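The structure appears right after this line, and notes come after that.
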Amino acid sequence: MATYILGISAFYHDSAACILRDGELIGAAQEERFTRKKHDFNYPAKAVEYCLDHAGIGSKDLEVVAFYDKPLLKFERLLETYFAFAPRGFTSFLNAMPIWTRQKLFLADTIKKSLDHKEAKLIFPEHHESHAASAFFPSPYEEAATLTTDGVGEWTTTSFGVGSGKRVQLHGEIRFPHSLGMLYSAFTYYTGFRVNSGEYKVMGLAPYGEPKYVDTILDNIIDVRDDGSFHLNMDYFDYCTGMKMTNNKFADLFGGPAREPESELTQREMDLAASVQVVTEHVMLKMARHVREATGQRNLCMAGGVALNCVANGKILREKIFDDIWIQPAAGDAGGAVGAAYLAWHHYLDQGRPTRTFSPKSAGDRQAGSYLGPEFSDSEIEAFFDKVGAKYTRLDDDELAERAADILANENVIGWFQGRMEFGPRALGNRSIIGDARSREMQSTMNLKIKFRESFRPFAPSVLEERVEDYFEIDRPSPYMLLVANVKEDQRIPLPEGTEKLFGIDKLRINRSKIPSITHVDYSARIQTVSKSTNPRYHDLISKFFVKTGCPVVINTSFNVRGEPIVCTPRDAYTCFMRTEMDFLVVNNYILDKKDQPEPADDIDWKSEFVLD
């Protein structure tokens, strides 16, 4: 009889659930995908329901339920921090206490009640132990170092350790309030973006600026030691009191108040983004070197929200500090559910790592390509399309790939919805919007007319795994879009005279390579390699596009508009398709041409439905 373990993360941001069967990860999803509320932090009731349904079990069939951190230890940190900064933060304290006393302090009861299982066995690993487990146990390595970096767990903000066989052990930590994640979030707030949501915008904005504030940051805000440990000067921050990230002293240091959200971006914000990115990379490289020296391990596994900084990840790889690195695709809090479940299997139940997988999909690891969410049958898809009066054609597999490749080659944009939804913040070819990377206009078209987001935002390439070295300076697969590498010299186009004098967004308009729509202003790209073994349909599409055009690269961006979670269901996909200027929608084997569709009955403006991120 199989053993099932449920993993849960909740109550901070990006709530999620996952399910293990005999130690194998068979399902996982974020709650936001079901509730349509981005970064939903509430108890993941719908994600739990999906996991149980996918496994074909009831809650009473669960051997263990694992929650990703220790709420009481986190509460201790909250109280000690408020007392340390009192009377500052009293308003925040009053706001936080009802939530804690009503919800978080009685989490065990909440879980048991939601599962209708009063006898459920519950375990509560520490937050960074969950992150480390989420990084090591699904990785392809039998032994590796772990490095986890985020905002804060209970007390820990950074940890390192070693994973070996069925054990993960942490060897060192940095504790709150000293946090690399909080430092990056402070600059996210100060440059006018949303904390815990807009950090990737800061990373994308950084190449437009000059890192002119690096010395200011290192001299005043963060003291970085040789081993990568650091100490923040808390005189510049307000996040310990919970009301905002930075204070007036921070503003004085950088020459003015924080940018108002949605106001015009200036060169100052670009330079600030460039500067905090350089500092983050500086710290991460020092950490990685120390972890290599301290552990003696050849491979590195990473998790925590800072591990989503794919620019820093790419630099760690290029520095050859480790032979290889593996990063949990859901590196933030959502992935903590996975780590907690693995800890239940390996530490609590004392079981070894499975020698086989239940999924035929493999990326050389145990994450199953991160295609772990819901999928939909042809009958479900047809029933929905017929209900809304959608006009569609059903094609067989080979016809579908040929037709879709033709559509892309003619510079049309496709909403591409296939199979199981991805787990983690990246669309990996199953819930994607795709376009022609060769097009000079595609980046601005997709940003402004389809994604409805800021023009500076870069797009990622999906490239055939076997062709990645022809186009990018990387010598290995990058299946989860978590490594940045440069476009190769022979794919670049000489820049016009005077380009070096351009500043900021003006750089965006310059054609830099033969694949301009995925080439960032510094010649970098956030790469997803597509393998025939992990996603045969997506691989087939790009292969046919390659035959037609000579280019094995397409644009891949998440299937959503700004502020919306990635689509989950055919209904979500069709609604997004009809609200945007996408040209075609492909759902499994069904293809829809926008010109053939009826006028939508739903005329609700998406901006009134989703809070801008």
Test: residue in segment 515-527 that is at positive phi and modelled with pLDDT under 95: yes
Residue within segment 479-491 that is in contact with a Phe, Trp or Tyr (Cβ under 8 Å, 6 or more places away or on another chain) and of a type in the set (A, V, I, L, M, F, W, C) present: yes
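Quick grid of which residues meet (1) among the aliphatic types (A, V, I, L, M); (2) touching a Phe, Trp or Tyr at 6+ places or on another chain (Cβ under 9 Å):
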{"position": "Ala251", "(1), (2)": "yes, yes"}
{"position": "Leu272", "(1), (2)": "yes, yes"}
{"position": "Arg298", "(1), (2)": "no, yes"}
{"position": "Ala307", "(1), (2)": "yes, no"}
Per-region count, segment 507-522, residues within 25 Å of Trp326 (Cβ to Cβ) and either without any contact (Cβ under 8 Å) to a residue 24 or more places away in the chain or of a type in the set (Val, Ile, Thr) (or both): 1
Scope segment 266-316; condition over 23 Å from the mean Cα position of the chain (by Cα), under 23 Å from Glu143 (Cα atoms) and β-branched (Val, Ile, Thr); matching residues: Val291, Thr295
Residue match in segment 264-276 (condition: outside any helix (DSSP H, G or I), crowded, with 17+ Cβ neighbours inside 10 Å and charged (D, E, K, R)): no
Residue within segment 348-364 that is in the same structural domain as Leu122 (by TED's automatic domain parsing), over 20 Å from the mean Cα position of the chain (by Cα), in a helix (DSSP H, G or I) and touching a residue at least 24 places away in the same chain (Cβ under 8 Å) present: yes
Qualifying positions in segment 565-613 - at pLDDT 75 or above, under 26 Å from Ala334 (Cα atoms) and among the charged types (D, E, K, R): Arg571, Asp572
Which listed residue is closer than 21 Å to Asn412 by Cβ and over 20 Å from the mean Cα position of the chain (by Cα), from Arg438, Arg453, Arg457: Arg438
Helices (runs of 4 or more DSSP H) contained entirely in segment 1-100, each with at least 1 residues that are modelled with pLDDT under 95, buried (at least 19 other Cβ atoms within 10 Å of the Cβ) and not small (Gly, Ala, Ser): 71-85, 90-99
Selected residue [in contact (Cβ under 8 Å) with a residue 40 or more places away in the chain and farther than 23 Å from Glu173 by Cα] from Ala303, Ala258: Ala258
Among (1) surrounded by fewer than 19 Cβ atoms within 10 Å (Cβ to Cβ); (2) in contact with a Ser or Thr (Cβ under 6 Å, 6 or more places away or on another chain); (3) closer than 30 Å to Ile316 by Cα - the single one Leu285 does not satisfy: (2)
Long-range neighbours under 7 Å by Cβ, at least six apart or interchain, first residue farther than 22 Å from Pro44 by Cβ within segment 65-80, second modelled with pLDDT of 75 or more: Arg77/Glu154; Arg77/Trp155; Arg77/Phe176
Lone unmet requirement of (1) out of contact with any helix residue (DSSP H, G or I) (no Cβ under 8 Å at 6 or more places or on another chain); (2) closer than 21 Å to Glu564 by Cβ for Glu399: (2)
Set Cys240, Cys310: member being touching a residue at least 40 places away in the same chain (Cβ under 8 Å) and in contact with a Lys or Arg (Cβ under 6 Å, 6 or more places away or on another chain): Cys310
Residue satisfying all of: in segment 240-263; of a type in the set (Gly, Ala, Ser) and surrounded by 16 or more Cβ atoms within 10 Å (Cβ to Cβ); nearest to Phe187 (Cα to Cα) among these: Ala258
Residue list for segment 3-35, restricted to those being in contact with a Cys (Cβ under 8 Å, 6 or more places away or on another chain) and closer than 23 Å to Arg562 by Cα: Ala29, Arg33, Phe34
Leading residue by the ranking (nearest to the chain's Cα centre (by Cα)) among those in segment 135-175 that are surrounded by fewer than 24 Cβ atoms within 10 Å (Cβ to Cβ) and either in the same structural domain as Leu72 (by TED's automatic domain parsing) or of a type in the set (D, E, K, R) (or both): Glu154
Number of the condition not met by Lys507 [criteria: (1) closer than 27 Å to Ala312 by Cβ; (2) modelled with pLDDT of 95 or more; (3) of a type outside the set (Asp, Glu)]: (2)
In segment 223-258, residue nearest to Val279 (Cα to Cα) [restricted to those that are over 29 Å from the mean Cα position of the chain (by Cα) and not in a loop (DSSP other than H, G, I, E, B)]: Leu253
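The values are calculated or read from the model by the stated rules, or taken from the named source; none is laboratory data. Computed from a predicted model, the values in this text were never measured in an experiment. All Cβ positions, even for glycine, are placed from backbone atoms using ideal geometry, and neighbour counts span all protein chains on display.
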